[in-house]
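Since the structure comes first, as structure tokens, the remarks are kept for the end.
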Amino acid sequence: METQNLFKEDLGARRYDLDWVRIGAFMLLILYHVGMYYVTWDWHVKSPAASHAIEPLMLLTAPWRLSLLFLVSGVATGFLLARLGGGQFLGQRTGRLLIPLAFGMLVIVPPQSYLEVVEKLRYAGGFAEFYRLYITGFHGFCRGSECLIMPTWNHLWFVAYLWIYTLVLYLVVRVAPRIVPWLRRLAERLGIRRIVLSALDIRLHILGRY
């Protein structure tokens with residue numbers, strides 16, 4: 001079965017609704033991570049004025065925030081697979097995910113890790129010296145039995161996981177292409193049930209914290 005025939009819809013038109021869902025999901029993600037600086041939960045760095053004030057709002061997003069991101073990414077992956085086919089799909093998806101991941105690990109993440117060891121371990125060295133340790137995989141920044149792994153992707157784990165899921169999907173399409181329409185029908189049947197369970201999970205999550 002050809003990859004292009006796994007989906008019935010005409011995928012030529014851009015889905016602007018999904019674009020806005022993606023934008024909203026990432027805006028929520030940014031606000032959530034900014035909020036982590038001001039709540040009492042453990043984080044890389046903390047505000048001296050951290051409090052419980054916004055924790056209830058952040059807990060509301062906990063059961064579905066990441067699910068929404070994976071949902072949007074999954075839909076985009078499905079559209080890309082149907083448009084490009086298996087071979088081009090894997091190559092293009094790998095470039096779109098692994099190159100930004102490598103850039104993030106080398107440029108975006110190191111300042112965050114540096115500030116973390118300065119605050120938590122009272123590291124007195126400069127950033128240049130820390131970056132040399134970061135690149136060479138130094139494992140001496142420890143607090144108790146927990147050591148900072150370097151280099152690290154920190155919160156870019158989502159990108160790494162997406163690439164793994166992409167690889168699994170590619171193998172499934174190559175080995176057992178008929179399973180894709182079956183999974184799609186299953187997802188359509190479980191859609192409403194998932195929404196109900198997510199709503200219940202939100203209530204249970206909040207009740208469990210307070």
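For the range 103-121, what are the residues that are surrounded by fewer than 19 Cβ atoms within 10 Å (Cβ to Cβ) and under 18 Å from residue 37 (Cβ atoms)? Reasoning before the result, please.
Keep residues of the range 103-121 that are surrounded by fewer than 19 Cβ atoms within 10 Å (Cβ to Cβ), which gives 103-104, 106-108, 111-112, 115-116, 118-121.
Within the range 103-121, 108, 111, 112, 115, 116, 118, 119, 120 meet the criteria.
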Inset, instruction - Would you check if there is a residue in the range 45-54 being touching a Phe, Trp or Tyr at 6+ places or on another chain (Cβ under 9 Å) and in contact (Cβ under 8 Å) with a residue 24 or more places away in the chain? - result: yes
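Out of all the residues in the range 45-66, is one or more among the polar types (S, T, N, Q), at pLDDT 85 or above and under 25 Å from residue 125 (Cβ atoms)? Walk me through how you get there before you give the answer.
Going through the range 45-66, the residues among the polar types (S, T, N, Q) turn out to be 47, 51, 61.
Keeping just the survivors that are at pLDDT 85 or above gives 47, 51, 61.
Imposing the further condition that a residue be under 25 Å from residue 125 (Cβ atoms) reduces the set to 47.
Scanning the range 45-66 turns up at least one residue that is among the polar types (S, T, N, Q), at pLDDT 85 or above and under 25 Å from residue 125 (Cβ atoms).
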Legend entry - Unmet requirement for residue 68, which otherwise passes all of (1) surrounded by 15 or more Cβ atoms within 10 Å (Cβ to Cβ); (2) within 21 Å of residue 47 (Cβ to Cβ): (2)
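Find the residue count for the range 96-127, including only residues that are in a helix (DSSP H, G or I), of a type outside the set (Val, Ile, Thr) and farther than 30 Å from residue 166 by Cα. Show your work before the answer.
Applying the first criterion (in a helix (DSSP H, G or I)) to the range 96-127 yields 96-121, 127.
Subset that is of a type outside the set (Val, Ile, Thr): 96-98, 100-106, 110-116, 119-121, 127.
Filter again for farther than 30 Å from residue 166 by Cα, leaving 114-116, 119-121, 127.
Count: 7.
Identify the residue in the range 42-85 that is part of a helix (DSSP H, G or I) and aromatic (Phe, Trp, Tyr) and, among all such residues, is nearest to the chain's Cα centre (by Cα).
Initial filter on the range 42-85 (part of a helix (DSSP H, G or I)): 55-61, 65-84.
The next check asks that each one be aromatic (Phe, Trp, Tyr); those that pass are 70, 79.
Working: 70: 7, 79: 19 Å.
Filtering first and then ranking leaves 70.
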Inset, instruction - Please verify whether the range 31-41 includes one or more residues that are part of a helix (DSSP H, G or I), within 20 Å of the chain's Cα centre (by Cα), modelled with pLDDT of 90 or more and closer than 25 Å to residue 163 by Cβ. - result: yes
Legend entry - Residues of the range 74-122 classified as closer than 23 Å to residue 25 by Cα and of a type in the set (Phe, Trp, Tyr), total: 2
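The values are calculated or read from the model by the stated rules, or taken from the named source; none is laboratory data. Here the structure is a predicted model, which means the values were calculated and not measured. Note: ideal-geometry Cβ built from the backbone for every residue, glycine included; neighbour counts use all protein chains shown.
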